[in-house]
Structure formats: structure tokens, C-alpha cells
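Taking it in order: structure first as C-alpha cells, then the write-up.
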Amino acid sequence: MQNYWWLNVNPRVFRFKDFDNGDLFSYSSKNEDGTDRKVHSNFLEAKKGEIVFVYETVPVGRIIGMCMVEKELENDAICFKKLEAFTEYVLRTEIEQNREIVNIEPFRNQEGIFFKLSEEEYLSVYNIVREMNPKVTYMTYPKYEKNDFLDECFFEADEYDELKELILTRKNVILQGPPGTGKTFIAKRMAFSILGSKDTGKILNVQFHPKYSGDEFIEGFRPDDIGIYKYREGCFKHFCNQARNDKEKKYFLLIDEINRGDVIKVFGDTFMLLEPDKRGKDNYVELPASKERFYIPSNLYIIGTMNIADEEKTMSDYAVRRRFSFYTVSPLFDNQKFKDYCKNSPLKTRLIETVKDINSKVAKNKQIGHCYFCKDEDDKELIRTVKYELIPLVEEYFKNDEKMKNNLVKKLSETVDKS
């Protein structure tokens, strides 16, 4: 007869989350004083291969994962194998909403820690768990490979190979460049091409800003809808847990405007773990709020983007620079596929030549990118792009250089006036 089990754990005493999927761990059937735990007979009945829900009792009751009996009771301990750590915890309140299992033994009996579930109870709990944590996704994603990237991003093949290799070996890369060079677009398409498909489930997009904090990114206590501060898991910690549970696949964190946030403050205690040789379970920190051991898995890659036109927001902290590699994305007007894309529009062709001439006369951080011309638009829309995007950009670039500003604005205006 197949049994199903429920194991209560107190994270202050036993930290299930510190183990990876597949790890073995033992759990004693004895109390610290050597006496048998309550409902000790359950420890005697557990058989190899039987499934166990792991329920964390504090700070809030919730199912956090599943394990399996690997070895039956021996020397007063059962050996378990961790099967899965859930990324979406199942709260007790969510289980109690199901009338069929509201009175299961773990909720009735406050004295034991290892409880037996009926098959019906197990299936009811399992359905709730799976609804929140699908074990296998049957979604199919469109394929996306190197040639797709080259078509969309106007890279040369050797440039693609170089950037891909940099990401896979260094793990932390920042794409830097002037406005309009498609840094965010390139970052996402590069992740797709490495994954081999447009699998958005393996990509986390965040945008840094001056007020972005570790409470949002890692974990912390934040107010709920009525102002009561409660513990919340941050998006990065949650994403790392996803990657930990799927070691054979690659995961990508894309950080837009990474230089606008305080990177060291946002990553907090986990900042030291960014280095490629500090990845994995052998290198961890204990998080201050949850007291959990946290590490960044080796199958997680970080791609940031940074606008180098904003001189006040340069990445000047050497500790940050040491943990990231920097790849410069320049305007790609000379790429043959980009030329072919633009050749059917005489106005666009003239504008591009004007912009290339401007770029040759200004510093690299004040150049104009090719993405302003990557939209399928008629001449009327092109004129709007110049009037409401390019001219204001040039005016901002050279607000302290009246002569240069007027000269460049005149060049752009004259180009569209000829249309």
C-alpha cells in the first residue's frame, strides 16, 4: 500500500531550502532529549519511494517543496531525497479554502511533525501545489537562433560570436552605448538565441532606478495593502530559485538602465556572489531577513544595459566594474542588412548619411543610434522622428555648446526640408 506523508520543519532548526534537488538528508525520529517524537509510528511505516510534502511552520505556515523517502528508518533516522523546491509557496490559508482537506491531520494535531495523508488528501494538496508550480510546461516557444538574431539586430556574425562567448564565460555583461543603439533589444534577443527559442519564462526583466532597493530585489519587509509590514521574497531571489530547480537550462536576468541604481546596495549581501567563480551552492550568504542560505546558481546569466550619454550616471564604482564585462554597442549604419533594410526609402537614406556625418564629428557618447530608423514608416513619420526625437536629443547633448547645437540642428532640418 502506497503511503503519502507531510513533514513539518522549523527553518530555525532544519533548513530544507539549503539543499538542492537530488540532495540526500536525514531527519531524526528522536527529540533532542532522546525521546521518541510524537506519532513515532509514522516513522516506522515510511517506505522507500513514498512522497512527502515539506511544510515550513514559521514565519508563516506554507508548503515549500517535496521530497521522497530514500531509505527507511535506520539508526533512528529516515533518509530523504529532495525532489523539488517550490518557487510559489502554498500557504496554509490556501489549503484551508478546500473543504475536502481543511481538517487534515497536520492541521488538527499540533504535537507531531511527520503525518500520514490519505490518497484523496494527497491528490487534493498536490493539485493545489501543481496549479501554482507547474512541474512541466507543455508550452512551445518559437525557435530563435543565431541567424534570427543577425537579421533583427544587424550584427555581423563574428560580433555575435564574440558577444555570446563573452556572456557564457563571464556570466555578467553590460551592454553600453549611446541612445538608439538597441541595447535592450539586443540583450533580450541574445538571451533568446542562446536559449534557442523565445522562452520568456527563463528571462527576468528589471529596470534599476535611484530608489530601487534590495527589499524589492532580494527580500525584505514591505507594507501590504493595509500598511502592515510583511516579509516578501524579491524578484531576483525568486528567479534564482527557479534556476536552481532547473539546472540543465540557462536563465537570464536582464537589467535595463543598470547604472541608474546603486548596484551594490540593490544586491546587498549577495553582491560578492556575482563573480563567476563564486556561483553555486559552495558559495553562499545567509540572508538577514529570512536567515536562509542563498547562492546564485551557475546557470544564471546577467546582462545589463547602460546609456553612456548620461555622463552623471557612469559606472564609476570599481567593485562593480570588476564583476562585469563591458561590451560597447555602436551605431550599426554600415551593416549590409541594415543598408538593405533602408534602401527603399530615399529620405531615410539621406537622413542616415546626415547622421553618420554628425556621428563622425562628435564624441562616441553623443552619437545617434541606428534604431531611430528601424521602424517601417513613411516620409511623414520620418520627419516627425527628426523633429520630435533627433533634434531634441541633439539639443540636450549640446545645451552648453550653442554653436555645435545650432550647426547639427541645421543639418538635420535641411535634410528633411529637401523631401
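A few notes on this one:
- Boolean, residue 54 is among the β-branched types (Val, Ile, Thr), touching a strand residue (DSSP E or B) at 6+ places or on another chain (Cβ under 7 Å) and modelled with pLDDT of 95 or more: yes
- Among residues of region 373-389 that are without any contact (Cβ under 8 Å) to a residue 24 or more places away in the chain, those with a beta-carbon under 7 Å from a residue that is in a helix (DSSP H, G or I) at least six positions away or on a different chain give the pairs 385/372; 389/372.
- Close pairs (6 angstrom Cβ cut-off, 6 or more residues apart or separate chains): assigned by TED's automatic domain parsing to the domain that holds residue 267 in region 213-232, part of a strand (DSSP E or B) and hydrophobic (A, V, I, L, M, F, W, C) anywhere: 229/221; 231/221
- Qualifying residue in region 320-333 (condition: in the same structural domain as residue 240 (by TED's automatic domain parsing), in a helix (DSSP H, G or I), closer than 30 Å to residue 246 by Cβ and hydrophobic (A, V, I, L, M, F, W, C)): yes
Residue by residue, here is whether (1) surrounded by 16 or more Cβ atoms within 10 Å (Cβ to Cβ); (2) in contact with a Lys or Arg (Cβ under 6 Å, 6 or more places away or on another chain); (3) hydrophobic (A, V, I, L, M, F, W, C) holds:
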{"residue": "17", "(1), (2), (3)": "yes, no, no"}
{"residue": "38", "(1), (2), (3)": "no, no, no"}
{"residue": "53", "(1), (2), (3)": "yes, no, yes"}
{"residue": "71", "(1), (2), (3)": "no, no, no"}
{"residue": "80", "(1), (2), (3)": "yes, no, yes"}
{"residue": "102", "(1), (2), (3)": "no, no, yes"}
{"residue": "105", "(1), (2), (3)": "no, no, no"}
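- Only one of 163, 204, 175 that is part of a helix (DSSP H, G or I) and assigned by TED's automatic domain parsing to the domain that holds residue 263: 163
- Comparison of 302, 308 shows that the only residue that is crowded, with 20+ Cβ neighbours inside 10 Å, in contact with a helix residue (DSSP H, G or I) (Cβ under 8 Å, 6 or more places away or on another chain), under 22 Å from residue 243 (Cα atoms) and touching a residue at least 12 places away in the same chain (Cβ under 8 Å) is 302.
- Region 355-370, subset in contact (Cβ under 8 Å) with a residue 60 or more places away in the chain and surrounded by fewer than 19 Cβ atoms within 10 Å (Cβ to Cβ), residue farthest from residue 398 (Cα to Cα): 364
- A single entry from 136, 129, 125 fulfils the requirement of being at pLDDT 90 or above and under 26 Å from the mean Cα position of the chain (by Cα): 129.
The values are calculated or read from the model by the stated rules, or taken from the named source; none is laboratory data. Since we're looking at a predicted model, the values are computed, not measured. Neighbour counts run over all protein chains shown; Cβ positions are idealised from the backbone, glycine included.
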